[in-house]
Amino acid sequence: MRKTPLNSLHHRLGARMVEFAGWQMPLRYTSEIEEHLAVRHDAGMFDVSHMTRIDIRGTGAIEFLRYLLANDVAKLKQASRALYSCMLNEQGGIIDDVVAFYRDESHFRLVTNAATREKDWVWINRQAKDFEVGIYFRDDLAMIAVQGPNAREMTDGHLPAALQEQVKTLKPFAFAESESWMAARTGYTGEDGYELMLPNEQAPRLWEALLECGVQPCGLVARDTLRMEAGFNLYGQEMDEDISPLECGLARTVALESPDRKFIGRSALERQLAMGVKWWRAGLILQAPGVLRRGQKVKLASGEGEITSGGFSPTLQSSIALARLPTTGERQCQVEIRGCWKLAQIVQPPFVRHGKIMIEIATDKGDHHE
Amino acid sequence: MSDVPRELKYTKNHEWVRRRDDGNLAVGITDHAQEALGDLVYVELPETGREVKAGEACAVVESVKAAADIYSPVAGTIIDVNQVLADMPELINENPYGTHIFILKPQDPAAWETLLDTEEYAKLLSEES
C-alpha cells in the first residue's frame, strides 16, 4: 500500500486509516460531522497527496490539451489560471475528470484522480504521440487542501515569503507559484480555500503548522459529504467511461464553441445532443427517515433512475443524494430503501455553497406517499 | 483498544447483550462497532412484538458513511425498543454500552450463557485488528 508523506502524522493524530485506491488514507480523525462543519464554518485540511499530478511540458502543450480535454484550455486568457475538464474516450465516456493548471505556454499541470492513475498515464501517453510534449508524474510533490471561510487567512502566514504577497489578490481558480510550491484557490468542498502542492519533504512541517493554529484535520468521509453537499461529481460514481459529461451535469464544462477543435469524444457528444441526452444528474433530499445510498433505485412518473452517491448531509441534517434520472421535469420521486419506497424531493445541486443552503426544502411530505 | 465491560456478553457481529434482573436481554452495539461505523445518523428499530431467530437481522444502524445490520443474539421476542434513538442516534456513539437498541425476551433463558464472554470478545477484536 502506498503512503503519503503525511502518513505518520495521521497515525499520530489517531486517525482511522483505510485503503483507498491503493493508498493508506485517513478516513476520519475524530467525528466526521465535526470535521465537515469545521470546513463549513472555520477551516479544515485534507491530505490529498494520493491525487495524481502530471506535468505536460513542451511547445505542443496547448495544442495537445485542446485535443485531449473536452473543456478548452484556450479559454484561459492568462497563465496561472486553472480549468476543470473531463477527459473523454471516442464514445464520449469519461476516462477521468481533471483540473488543468496553466503555468506557461509550454507547461501545464494536470491533477487527476488516484484510482485512475495508471489508465490516465497510458491514455495520455498514447494520445500524445503526435504532439511535441513530454509527460511527467510529479510524485515528488505532496498536496494539502485547506478549505473553509477562514482557511486562506490561517494558511497565508505559513506559505513561502514569495507567495504570501501573490496570494492576497488571488482570484477563484487562479494560482501562484514559487520555489516548487503552488497555491491554487481551488477545492472540492464548496468553500473558499487553497489546494497546495509542495515538495514531499516540506509537507509535514506545513501540516503541523496548520494544526498548531487550529485548522481541523479532515478525512475521506468529510471530503465525501462536503463534495456531495457542494454538488461535485466523484469519478467512478456520477462519472465513468459509459457516461458522458452531458449526462452527469457537466455540459457547461464541454467547450463546443470552436468548430475546428476536434477534441477526443467531440463527435460522440454532438451525436448525443442531436439524438437527445438519455440521463440527467439531479440532487435528492429524503423526505422520510432513513439514509439514501449509492445503488438505490429511483422511481419517477416518467421512468426509473438510480442513486450514484448518497449519504447524510451535516448541513441540512437530513439525507441527500446525487442521482442519475431519465428526466429533469419532476419535483418528487420514490427511492427504494431495503424494500420500502420512500419519498424524496428532486432539486438542482449544489445543496450548499459557502456555508449557505442553496435549495428550497419542500415541506410537503404527504401528497405522493404510497 | 476498545472498551469491553465484564458484565456483558458479546456476539461475533459486535453486539453486546446485558441480562437484566427480569431475565430479558438488552442489546446494543459495542464500542468497537460504533468506532468503526463513525457518526451514527439513523437507527431503524424493530417492531415490538416481533419474533426473531438467533442471528436474524432485526435492526439497522446507519452512519454518515455506511449501514450495518443488527442481528438478534438469541431467539426470542422483541418486547421493547429504545425509541429515543429515532431522534438521537448519536447516543450510541456517546455511550455505546449505556444505549441499548432493543429488549429481547429470550425463548431459552440459558441461551445468554452461550454468547461470547469478555475474554472471547477481546480475543476476537485482537484477531480482527
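Cut-off 17 Å, label point 7 angstrom out along Cα-to-Cβ of B:K53: give me the residues of the stretch B:82-115 whose amide nitrogen falls inside.
Taking a point 7 Å out along Cα→Cβ of B:K53, the residues of the stretch B:82-115 whose backbone N falls under 17 Å are B:107-108.
I need the phi-derived Karplus couplings for the stretch A:155-163: 6.51 cos²θ - 1.76 cosθ + 1.60, θ = phi - 60°, integer Hz, Gly and Pro marked x.
8, 3, x, 9, 7, x, 3, 5, 8
At a Förster distance of 22 Å, what's the computed FRET efficiency of A:E257 paired with A:T59, Cβ-Cβ distance as r, to 0.05?
Details: r = 24 Å, r/R0 = 1.11.
So, using R0 = 22 Å, E works out to roughly 0.35.
For A:N89 and A:A301, what is the calculated FRET efficiency with R₀ set at 35 Å and r taken between the beta-carbons, to the nearest 0.05?
According to the calculation, E is roughly 0.55.
Could you rank the peptides A:76-82, A:39-45, A:102-108, B:41-47 by their average count of other C-beta atoms within 10 Å per residue, with the highest value first?
Values: A:76-82: 15.4, A:39-45: 24.0, A:102-108: 17.1, B:41-47: 19.7.
Top of the packing list down: A:39-45, B:41-47, A:102-108, A:76-82.
Given a Förster radius of 22 Å and the C-beta distance between A:R12 and A:S178 as r, what FRET efficiency does 1/(1 + (r/R0)^6) yield to the nearest 0.05?
Result of the calculation: an efficiency of 0.15.
Order these peptides, A:275-285, A:220-230, by their mean beta-carbon neighbour count within 10 angstrom, highest first.
In decreasing order of mean packing, A:275-285, A:220-230 become A:220-230, A:275-285.
Taking a ≥ b ≥ c as the square roots of the eigenvalues of the Cα gyration tensor of the stretch B:27-129, is the shape rounded (a/c under 1.5), prolate (a/b larger than b/c) or oblate?
Working: a/c = 1.92, a/b = 1.08, b/c = 1.78.
It comes out oblate by the Cα gyration axes.
Could you work out the pair-distance distribution P(r) of the stretch A:1-159 from its alpha-carbon pairs, with 5 angstrom bin width and percents rounded to whole numbers?
2, 8, 15, 18, 17, 15, 12, 8, 4, 1, 0
For the stretch A:100-234, compute Rg over Rh where Rg is the Cα radius of gyration and Rh is the Kirkwood radius from the inverse mean 1/r over Cα pairs.
Radius of gyration relative to Kirkwood radius: 0.97.
Considering only Cα-Cα distances, which of the following residue pairs are longer than 25 Å: A:K3/B:K65; A:K3/A:K119; A:K171/B:K65; A:K171/A:K278; A:K77/A:K262?
A:K171/B:K65; A:K171/A:K278
Step by step: find N for the stretch A:52-133, compute 2.2 N^0.38 Å, then divide the Cα radius of gyration by it. What's the final number? Spell out each step's value before the answer.
Details: Rg = 11.5 Å, N = 82, 2.2 N^0.38 = 11.7 Å.
Here the Cα radius of gyration is 0.98 times the empirical estimate.
For the stretch A:191-345, rounded, prolate or oblate, judged on the Cα gyration tensor with a ≥ b ≥ c (square roots of eigenvalues), a/c < 1.5 rounded, else prolate if a/b > b/c?
It comes out oblate by the Cα gyration axes.
Ratio of alpha-carbon Rg to the 2.2 N^0.38 Å globular estimate for chain A, to two decimals, please.
Output field value: 1.00.
What does the highest-first list of B:95-103, A:65-73 look like by mean Cβ count within 10 Å?
A:65-73, B:95-103
Of the residues A:G339, A:G187, A:G22, which exhibits the maximal mean-square fluctuation in a Gaussian network model of chain A defined by a 10 Å Cα contact cut-off?
Top of the fluctuation ranking is A:G339.
What's the average, rounded to a whole number, of partner chain beta-carbon atoms within 10 Å of each residue's beta-carbon in B:60-70?
Average per residue, whole number: 5.
Quick check on chain A: helices-only [θ] at 222 nm, where DSSP H runs of length 4 and up contribute -39,500 (n - 2.57) each and the sum goes over total residues. Nearest 500, please.
My calculation for chain A gives -6000 deg cm²/dmol from helical runs alone.
The stretch A:279-370: D in µm²/s via Stokes-Einstein (Kirkwood Rh, Cα pairs, 37 °C, 0.692 mPa s)? Numbers along the way, then the final one.
Numbers: Rh = 12.9 Å.
Rounded, D is 254 µm²/s.
Give the separation of the Cα centroids, the stretch B:74-112 to the stretch B:1-24, in Å.
11 Å
Would you mind checking the radius of gyration and Dmax of the stretch A:252-331 based on alpha-carbon positions, in Å?
Cα only, the stretch A:252-331: 16.4, 52 Å (Rg, Dmax).
For chain A, modelled as a Gaussian network with Cα springs under 10 Å, which listed residue fluctuates most, A:S244, A:S313, A:S180?
A:S180
Under 13 Å from a label point 7 Å along Cα→Cβ of A:W121: give me every residue in the stretch A:51-68 with its amide N that close.
Only A:52-55 pass the distance filter.
For peptide B:41-54, what's the mean number of Cβ atoms from other chains within 10 Å of each residue's Cβ?
2
If the elastic network links every pair of Cα atoms under 10 Å, which of A:V146, A:V111, A:V48 fluctuates the most in the Gaussian network model of chain A?
Maximum fluctuation in the GNM of chain A, among the listed residues, is at A:V111.
Eight or more residues apart or on different chains, and alpha-carbon atoms under 18 Å: count the Lys pairs in the stretch A:279-370 matching that.
The number of close lysine pairs in the stretch A:279-370 is 4.
Please give the average number of partner chain Cβ atoms lying within 10 Å of the Cβ of each residue in A:284-295, rounded to a whole number.
For this peptide, the per-residue mean of nearby foreign Cβ atoms is 2.
Coordinate-derived values only; no laboratory data. Predicted model only: the values in this text are computed from it and were never measured. Cβ atoms come from the backbone with ideal geometry, glycine included; neighbour counts cover every protein chain shown.
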